[in-house]
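Colleague: Input: one structure, supplied below.
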Amino acid sequence: MGTEPTNVSPECELVWQFFGQRSNGFFVDVGANEPHKNSQSWFLEERGWRGILVEPQAQFCERLRQFRPASRVFQVACGAPGSPPEMTFFVAERPGHSGLVKNRVEAETKYVRTETVKIMTLDAILQEAGAPKLDFVSIDVEGTQLDVLKGFDLHRHRPSLLLVEDHLHELSAHNFIREQGYRLIKRTGLNNWYVPNEAPSRATFIQRLRLFKKIWLNTPFRKFRVFRERRRARTQDVKRQA
């Protein structure tokens with residue numbers, strides 16, 4: 001096993017504090033990407049946790065297996081039930097922006113190649129892994145989080161904390177999670193924090209008010225901005241092809 005530079009994401013220590021700085025637990029990291037850099041789960045693994053890393057890109061899976069010894073790596077992309085067994089995966093210039101759907105998050109993302117990747121639901125992955133009890137689940141899949149969530153039985157697995165990257169161009173994933181009995185307690189950067197409805201409330205009135213503004217009041221402005229960005233990108237494509 002080698003070593004490589006560590007650059008943890010800003011949320012990592014907050015997540016650990018959420019769990020009372022426990023030295024044990026089980027995580028699932030969907031869209032694991034780099035072993036250490038900006039990882040949502042490495043900080044926990046370093047402190048004694050174990051988990052599952054889901055990553056479709058071969059270049060990252062090799063490094064994950066090398067540098068994340070306490071985790072089991074699944075070289076697949078997560079999809080909704082009924083998805084084909086394999087799909088085209090679009091690899092971006094910035095590999096962390098790669099995904100199953102082009103330009104779902106950013107209209108100007110540039111892609112350098114494609115890979116054919118295996119597709120599994122998250123439920124199928126968990127079944128193959130022996131149905132472990134989940135504490136923390138992180139989902140970062142560049143805009144296809146709703147498909148991942150449709151293949152993940154939250155009522156059955158009931159993680160204590162669900163962290164979902166969501167640019168909030170629309171609210172379909174957020175509403176789906178709420179329908180599964182989870183509530184939003186925090187938003188850090190692009191990440192929404194959800195806990196089961198039965199968990200004790202930790203949010204103050206001011207915090208809930210700020211969340212309401214971020215989720216409900218700001219979404220129409222984000223949708224309009226995305227519409228303009230995509231229209232500009234289409235115009236540029238037409239000019240390049242002329």
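Rule-based calculations on the coordinates, nothing more; no lab input. Predicted, not measured: the structure shown is a model, and the values here were computed from it. All Cβ positions, glycine included, derive from the backbone under ideal geometry; neighbour counts span all protein chains shown.
Colleague: How charged is the neighbourhood of residue 195? Take every other residue with its Cβ under 11 Å from the Cβ of residue 195, and add Lys/Arg as +1 and Asp/Glu as -1.
Modeller: +3
Colleague: Expressed as a whole number of Å, what is the distance separating the alpha-carbon centroids of segment 108-147 and segment 178-222?
Modeller: Their Cα centres are 23 Å away from one another.
Colleague: Measuring from label point to label point, each 7 Å out along Cα→Cβ, what is the residue 65 to residue 155 span in nm?
Modeller: 3.8 nm
Colleague: Which of 16, 49, 216 moves the most in a Gaussian network model of the chain with Cα springs under 10 Å?
Modeller: Result: 216 has the largest fluctuation of those listed.
Colleague: Still on this model: What are the extents of the Cα atoms of segment 36-104 along their three principal axes, in Å, largest first?
Modeller: 35, 28, 19
Colleague: Moving on. Could you sort out which of 37/102; 118/223; 110/223; 37/110; 133/214; 37/223 sit more than 27 Å apart by Cα distance in this structure?
Modeller: Flagged as over cut-off: 118/223; 133/214; 37/223.
Colleague: From the C-alpha gyration tensor of the chain, pull out the three semi-axes of the equivalent ellipsoid (sqrt of 5λ each), sorted largest to smallest, in whole Å.
Modeller: The three semi-axes for the chain are 27, 24, 17 Å.
Colleague: Let me ask you something else. For the peptides 127-137, 107-117, 147-157, what is the packing order when you average, over each peptide's residues, the other Cβ atoms within 10 Å and list the highest mean first?
Modeller: The packing order, highest mean first, is 147-157, 127-137, 107-117.
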